[in-house]
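K.L.:
Got a structure for you, questions after.
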Amino acid sequence: MDFSLLFQNNFKMFLPEFFLATSILVLTLHGSLISTSKILGFPLLLKSFNKMSILILGFTFILVNNNSASFLIVYSSSFIFDLLTLNVKQFLLFSAILCLFISEHSLKLGQINQFEYFILILCSILGLLFLTSSFDLLSLYLSIEMQSLCFYVLAAAKKDSSFSTEAGLKYFIIGSFSSGLLLLGISFLYGCTGTTHFDNFSLLFSEIDSSHSFLTSLVQKALLCIFIAFFFKIAAAPFHMWSPDVYEGSPISSTIIFAILPKIVLFSTFLRLFQTSFAYFGETLLFFSIGSALCSVIIGSFVALKQKKLKRLLAYSSISHVGYLLLAFSCNSLEGTQSLFFYLIIYMLTSFTIWSVILSLNTSTNLDKSKTLIDLSSLSTVNPLLAFTALVAFFSLAGVPPLAGFFAKLEIFVNCLGSSLFFAGFVAILSSVISSFYYIRLIKTIYFEKVIDNGFKFSVSRSCSLILCFSMFFLVFLFFNPSLLFLQTHKMALCLF
């Protein structure tokens, strides 16, 4: 027997991650040698590293897309590869490419010239790729920690800003606490069962009955710890307190990454954990999920009404949208899971539009300041096309037809009613109406507020203009023809049932 071929398939499955990890090491060596070269004049590597990072992620996307295996569990059942992981990785990598694509101009204006910034972004994406494939609590924990440690430093990337340093410190403290809770829950589960594999949990708890009351209560406490850690990571109320401060203090390029990339990976991983391994504890999990969902939609909708700064407003908007995602999670059905993925992808698409608009609001007076509602006041006069794009994006988030956001919200509300979550669905619908108020207020500021002289206005970058064009087209197109995305998300949901 040729033992060198024993893990050949395992290595093939991890070829994209191996390529990305190798590229990170090469980029680190390249940056260390070039940036400290006196002969080359200590060059700034911002533009070249941004383009190389996009190229590396593009090659990683191609490797993921050419994965031939339809289903495989590798490395002692620690990682799984199926259609769900394939699609989530594709969406993750494509979103990461777009984040880097639209952020280059803002990095230049923010004077973030360290090449290590891109190394950290690539490392965080590598951690998210591992997390997507995790099929064991240990691999899950290590992947989350890899991603989180990079995010803490990205939040504090602007070293000359006290706000950025404060954001990084807050993110580190809250993130460390949530990681401790996650590790505590994993320890309880391992102490009760002697295993950390998702597959083993589903086998162990499939035959459990009322005679194991002590074991059941202990597992419920462990799941509570894991659930709270999950709520911290996705910034769901009442564990959302870090999100507005981190969004506000971080460089805008880092904020875009925090707001868009982790959610689809975290939701897919925890859906796999709770809907396949702990189906017996569905009632307990449903109670916590619905409670957090209602808190999120209420807090996100009401607190956002008072916000004047765009980043904080979008942070609370994100919290309310996490509430809708948790409602879909709480349906605990194939249709609910499918609506969760559908809503999540539409939300990511809309977020790219909104963040591209915010990146385009640069003036000579607000480069060193946080952007507020006042910066939107002259947009319809200065750039009518950009103002119309912002209007489409905000209406999509509010759920106004004929835009994709309406279809996504409607699907979640219908599934809530179909799963007999009448009260939760009613509260979510009312909160959606309230949240529409501050989206309409933003549109009112764009079109009807008096024009304020904000100084010289910079033109929209080419990258942002391209993203704005394509994302606005798809927000309209997916309302009239959502079949392709609907089928894709349905296939993703089928992997969990």
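K.L.:
Please name whichever of HIS321, PHE177, LEU138 sits farthest to the positive end of the charge dipole of the chain, dipole taken about the Cα centre and charges placed at Cβ: Lys and Arg +1, Asp and Glu -1.
P.N.:
HIS321
K.L.:
Whole number please: convex hull volume per residue of the Cα set in segment 47-129, in Å³?
P.N.:
Cα convex hull per residue, to the nearest whole number: 85 Å³.
K.L.:
I want the local charge near ASN87. Using Cβ-Cβ distances under 15 Å, sum +1 for each Lys or Arg and -1 for each Asp or Glu among the other residues.
P.N.:
Net charge in that neighbourhood comes out at +3.
K.L.:
Another one. Please check which bits of segment 406-430 a label hung off GLU283 would reach, taking the label as a point 7 Å along Cα-to-C-beta and the cut-off as backbone N under 16 Å.
P.N.:
none
K.L.:
Here's another thing I want to ask about it. Just how large is the dipole of the chain about the Cα centre, in debye to the nearest 20, putting +1 at every Lys and Arg Cβ and -1 at every Asp and Glu Cβ?
P.N.:
Values: 27 positive and 21 negative charges, 304 e Å.
Approximately 1460 debye in magnitude.
K.L.:
Based on other C-beta atoms within 10 Å, arrange ILE264, ILE73 from fewest to most.
P.N.:
ILE73, ILE264
K.L.:
Under the rule of at least 5 residues apart or a separate chain, name every residue whose amide H is placed under 5 Å from the amide H of ASP136.
P.N.:
Those qualifying (amide H under 5 Å, at least 5 residues apart or on another chain) are PHE198.
K.L.:
Right, here's the next one. Normalise the Cα radius of gyration of the chain by 2.2 N^0.38 Å (N = residues in it) and let me know the number.
P.N.:
Here the Cα radius of gyration is 0.97 times the empirical estimate.
Laboratory data are not the source of any read-out in this text; all were calculated from the coordinates shown. These figures come from a predicted structure and were not determined experimentally. Backbone-built Cβ (ideal geometry, glycine too); neighbour counts: all protein chains shown.
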